[in-house]
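Enquirer: One structure, pasted below without further comment.
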Amino acid sequence: MSKVVKFGGSSLANAEQFKKVESIIRADSARQYVVPSAPGKRFPKDSKVTDMLYACYDLAEQGKDYKGLLEEIKSRYQEILDGLDMEMSLEEEFERIEENFEKKAGRDYAASRGEYLNGIVLAAYLGFPFIDAAEVIFFADEEGTWDSERTKAVLSKRLAECENAVIPGFYGSLPDGRIKTFSRGGSDITGSIVAQAAGVDVYENWTDVSGFLIADPRIIQNPKGIDVITYRELRELSYMGATVLHEDAIFPVRQEGIPINIKNTNAPEDEGTWIVGSTGQKSKYVITGIAGKKGFCSISVEKDMMNSEIGFGRKVLSAFEEQGISFEHMPSGIDTLTVFVHQDEFIDKEQKVVAGLHRLVKPDTIEIESDLALIAVVGRGMKSTRGTAGRIFSALAHNNVNVKMIDQGSSELNIIIGVNNDDFETAIRAIYDIFVLTVV
Ligand code: ASP
């Protein structure tokens, strides 16, 4: 058995957390490769080191005084070193960072130092070799396209040489050697890449919650946890707003069928959530999770006999494509077709899209509705259960929620419901109640 363990920022925010991380790693010799984030918040109003580094670099780039802020960052690491009784000095590292700031090494370089320094400290504390991510994780271009081939070749070889290692998350290097980062929260992706390259059995992702919850705890009080979720279910949920894991983090491990186990550093005995390729295990409830987002617009195009007009749908969509707007959903009736888009992408281009629709499809009417929310009800269990959509409808009707749209994905893995922004929370509560609370 072998594992990659990734620890998030809150798991490594101070010396106390480092100690917990150490005992978690020592408790299981399978935990061979460790991917740390930068120190996160120690208390709610605290700053993440990554945010401090961005701010510090921005000052440096504008020629303003950044040294005070760099000192504060240094003291975050010093506090960790002191708390762990470590003699180690990061003086030289900080001198180099300062030099590179003066040379305008870039925001990505600056941000990456959070993980880099935390990696050095953690490696020394554990007595594991340190592997700089810049030497083993590669990007193909400035846009951040990950070079999977090159990474896999170099990283696998490097990992095969060491039984244990610490590889900092979040960054890698460009073909010319400059540092490039993934998007925010990207250490999750590094963990997945390392798990793939090492060919481990499990990718453990340690954070400050015991896995995924069926619904957002800001809307549902004490929602139940999710024990097992498939990659596909998770994709649907994270796309619709469920956070915990970076949404791109599943791809590298998914290729190899490596399961991800989301665990809680502050409650390591909790089983957490297992993210798997497929499972014969039924979920406890018909639904696995509910997630959603506000801020959508619907554009309904009506035209008599539209149904028999070949190419109608394509032409409608091209009016959006011409303006560079992507669509979310497209439910249709006999003479109507509705397109759901993100309101903030659409609003400035509304008139151009409407003009395009008139030109392309000569509709009878166009109706636009804004301030809509989309809710995804996701679950592998829906396929084998009758009446799921019906239960959703009646739960919403009982709670006086007007359903604007309902769209069942052809995989029968999800049902998307459109409601008014104002009804968003009520709708989620109603769906949770009917599928989770009423099941004993
Ligand atoms: N430290 C980075 C961030 O705050 C990356 C990570 O934590 O995964 O976004």
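The values are calculated or read from the model by the stated rules, or taken from the named source; none is laboratory data. It should be emphasised that the depicted structure is a prediction, and the values quoted were computed from it without experimental measurement. Don't worry about glycine lacking a Cβ; one is built from the backbone with ideal geometry, like all the others, and counts go over all protein chains shown.
Enquirer: Taking the condition farther than 22 Å from Phe182 by Cα and either surrounded by fewer than 22 Cβ atoms within 10 Å (Cβ to Cβ) or of a type in the set (A, V, I, L, M) (or both), does Glu135 pass?
Expert: So Glu135 fails the test.
Enquirer: Which residues, counting only those in the range 158-168, are more than 16 Å from the ligand (Cβ to nearest atom) and hydrophobic (A, V, I, L, M, F, W, C)?
Expert: Leu159, Ala160, Cys162, Ala165
Enquirer: Given the criterion without any contact (Cβ under 8 Å) to a residue 60 or more places away in the chain and of a type in the set (Ser, Thr, Tyr), identify the matching residue among Ser183, Ser173.
Expert: Testing whether each residue is without any contact (Cβ under 8 Å) to a residue 60 or more places away in the chain and of a type in the set (Ser, Thr, Tyr) leaves just Ser173.
Enquirer: Additional query: Given the criterion more than 25 Å from Gln343 (Cα to Cα), modelled with pLDDT of 90 or more and among the hydroxyl-bearing types (Ser, Thr, Tyr), identify the matching residue among Ser394, Ser370, Ser411, Ser384.
Expert: Going through Ser394, Ser370, Ser411, Ser384 in turn, the sole match is Ser394.
Enquirer: Considering only the range 117-138, state which residues are among the hydrophobic types (A, V, I, L, M, F, W, C), over 21 Å from the mean Cα position of the chain (by Cα) and either more than 16 Å from the ligand (Cβ to nearest atom) or not in a helix (DSSP H, G or I) (or both).
Expert: Ala123, Ala124, Leu126, Phe128, Phe130, Ile131, Val136
Enquirer: Which is on the phi > 0 side of the Ramachandran plot and either out of contact with any Cys (no Cβ under 9 Å at 6 or more places or on another chain) or aromatic (Phe, Trp, Tyr) (or both), of Gly313, Gly333, Gly295, Gly289?
Expert: Gly295
Enquirer: If Arg235 passes every condition in (1) within 13 Å of the chain's Cα centre (by Cα); (2) buried (at least 23 other Cβ atoms within 10 Å of the Cβ) but one, which one does it miss?
Expert: So the condition that Arg235 fails would be (2).
Enquirer: Scan the range 319-334 residue by residue and report those that are closer than 25 Å to Asp304 by Cβ and touching a strand residue (DSSP E or B) at 6+ places or on another chain (Cβ under 6 Å).
Expert: Answer for the range 319-334, where residues must be closer than 25 Å to Asp304 by Cβ and touching a strand residue (DSSP E or B) at 6+ places or on another chain (Cβ under 6 Å): Phe320, Phe327, His329, Met330, Pro331.
Enquirer: Are there any pairs, at least 6 apart or on different chains, whose C-beta atoms fall under 8 Å, with the first in the range 12-30 and buried (at least 19 other Cβ atoms within 10 Å of the Cβ) and the second aromatic (Phe, Trp, Tyr), and if so, which?
Expert: Leu12/Phe18; Phe18/Tyr125; Val21/Phe7; Val21/Trp206; Ile24/Trp206
Enquirer: Within the range 13-41, how many residues turn out to be within 14 Å of the ligand (Cβ to nearest atom) and over 16 Å from Ile262 (Cα atoms)?
Expert: Result for the range 13-41: 6.
Enquirer: Tell me whether the range 341-348 contains one or more residues that are assigned to a strand (DSSP E or B), at pLDDT 95 or above, surrounded by 18 or more Cβ atoms within 10 Å (Cβ to Cβ) and on the phi < 0 side of the Ramachandran plot.
Expert: yes
Enquirer: Can you name every residue in the range 169-219 that is buried (at least 20 other Cβ atoms within 10 Å of the Cβ), assigned to a loop (DSSP other than H, G, I, E, B), away from the ligand (no atom under 16 Å from the Cβ) and among the small types (Gly, Ala, Ser)?
Expert: Across the range 169-219, the qualifying residues are Gly211, Ala215.
Enquirer: Could I ask something else about it? Filter the range 1-11 down to the residues that are away from the ligand (no atom under 14 Å from the Cβ) and surrounded by fewer than 24 Cβ atoms within 10 Å (Cβ to Cβ), then identify the one that is nearest to Thr207 (Cα to Cα).
Expert: Applying the filter and picking the extreme gives Lys3.
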